[in-house]
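Have a look at the structure below before the remarks.
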Amino acid sequence: MYEWHKQIKVIVDEIDECIKNRNCEAITLRFLSRNLGYSEFHTTRKFKEITGMQFKDYLRNRKLAFALKEVRDSEKSILDIAFDYGFSSHEAFTRAFKGIYGVAPSEYRKNPMPVVLRTKINPFDRYFFGLGEIGMVKSADDIKIYFVTIPAHKFLHIRNYESNGYWDFWQKQSLIPGQDCETICGLLDSIKGKLDDYGGSEPNSGSGQIMAYIIDPSGRLCDWGIPRIECYGVRLPIDYNGEVPPQMIMMDVPEAEYIVFEHGPFDYEQENRSVEEKMEKAMAAFDFTGTGYCLDTSPGRMIYFYHDPEQFWKYIRPVRKV
């Protein structure tokens, strides 16, 4: 039942790898279909059935997402960037760029504003399908627990007062025009200067995008008995003055102290549930006695949640001195 979802995941992973390596010749439909052992027609049909878009459209928009970041961040000529991403000319690249982002690459370089990038799709997620882990591998890494002072920063985000968990958050947001996962993650991915950006481009990963919770009496009670509002967004420098998308909220977060529960890298397919259970137990069992701190549940305090299997699973919870 899920076999083709796995196969499409192989394709989207290969597309990103080839784009990163400037190997555009290797991401033709013929090449990818042959590697999977299926006809181009069958692969195209399944790709559209599972992702909701044509293969050629996904590939083109994904190339343009990578190209936009080079236009924004590098000093390479527009023509060189066009050639790097498989466009035949400056004019062809400009037409494609302007067609999807509404602005020419040269104009965007002068004034980069938030635009909706095509983030990498994830057609196969074991937890979304309710399949759980595929093995009994357990991480040998211990959970690190430490206190930090996080400097003042801004938090650009959307929020939901009723949602309960990541999947429920996005299901509810999808009912709000302009706040679905694809649009919001695409906008956030295009913003330069994110404090947690490690160069990735998938939701809730190294692209600087994180879940967060604002402690608020009007919010929903979480498992810890704390009323909070669920949010999704990015942390930005305190002096950030870029454009704020109309469907998002910019919030100033003052310097404050936090406790961090951090698990190292893990295998998402095999260990996600195990690591989650380990994290929950560590937070529930932690004894603040002798630390000089206690949890701070004051309205407005932030809880940050990082889930990037290649680097860490991390909860950052607010504390105050006692």
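Numbers below:
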| item | result |
| --- | --- |
| Residues being part of a loop (DSSP other than H, G, I, E, B) and either farther than 21 Å from K20 by Cβ or of a type in the set (V, I, T) (or both) - total across region 54-87 | 1 |
| Qualifying positions in region 245-279 - touching a residue at least 12 places away in the same chain (Cβ under 8 Å) and among the charged types (D, E, K, R) | D252, E255, E257, E262, D267, E269, E271, R273, E276, K278 |
| Members of region 155-182 that are among the hydroxyl-bearing types (S, T, Y), surrounded by fewer than 19 Cβ atoms within 10 Å (Cβ to Cβ) and modelled with pLDDT of 90 or more | Y161, S174 |
| Members of region 36-48 that are touching a helix residue (DSSP H, G or I) at 6+ places or on another chain (Cβ under 8 Å) and surrounded by fewer than 14 Cβ atoms within 10 Å (Cβ to Cβ) | S39, H42 |
| Which numbered condition W313 fails, given (1) surrounded by 17 or more Cβ atoms within 10 Å (Cβ to Cβ); (2) in contact with a helix residue (DSSP H, G or I) (Cβ under 9 Å, 6 or more places away or on another chain); (3) farther than 23 Å from I215 by Cα | (3) |
| Residue match in region 272-291 (condition: buried (at least 19 other Cβ atoms within 10 Å of the Cβ), of a type in the set (S, T, N, Q), under 24 Å from the mean Cα position of the chain (by Cα) and within 26 Å of K69 (Cβ to Cβ)) | no |
| Matching residues in region 92-123 - criterion: being among the polar types (S, T, N, Q) and either within 24 Å of E182 (Cβ to Cβ) or surrounded by fewer than 16 Cβ atoms within 10 Å (Cβ to Cβ) (or both) | S106, N111, T119, N122 |
| Test: residue in region 116-131 that is within 26 Å of the chain's Cα centre (by Cα), at pLDDT 90 or above and not polar (S, T, N, Q) | yes |
| Extreme residue, surrounded by the fewest Cβ atoms within 10 Å (Cβ to Cβ), among residues of region 62-91 that are more than 26 Å from the chain's Cα centre (by Cα) and of a type in the set (F, W, Y) | F83 |
| Complete set of residues in region 288-322 that are modelled with pLDDT of 90 or more and of a type in the set (D, E, K, R) | D296, R301, K314, R317, R320, K321 |
| Residue count, region 41-77 (criterion: in contact with a Ser or Thr (Cβ under 6 Å, 6 or more places away or on another chain) and modelled with pLDDT of 85 or more) | 1 |
| All positions within region 17-35 that are surrounded by 16 or more Cβ atoms within 10 Å (Cβ to Cβ) and over 27 Å from the mean Cα position of the chain (by Cα) | S33 |
| Selection status of S205, of a type outside the set (A, V, I, L, M) and modelled with pLDDT of 90 or more | no |
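Rundown of residues vs (1) surrounded by fewer than 16 Cβ atoms within 10 Å (Cβ to Cβ); (2) over 22 Å from M283 (Cα atoms), yes/no style:
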site: R220; (1), (2): no, no
site: G225; (1), (2): yes, no
site: C231; (1), (2): no, no
site: V234; (1), (2): no, yes
site: I238; (1), (2): yes, yes
site: Q247; (1), (2): yes, yes
site: E255; (1), (2): yes, yes
site: H263; (1), (2): no, no
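The values are calculated or read from the model by the stated rules, or taken from the named source; none is laboratory data. Just so it is clear, the model here is predicted, and its values are computed rather than measured. Don't worry about glycine lacking a Cβ; one is built from the backbone with ideal geometry, like all the others, and counts go over all protein chains shown.
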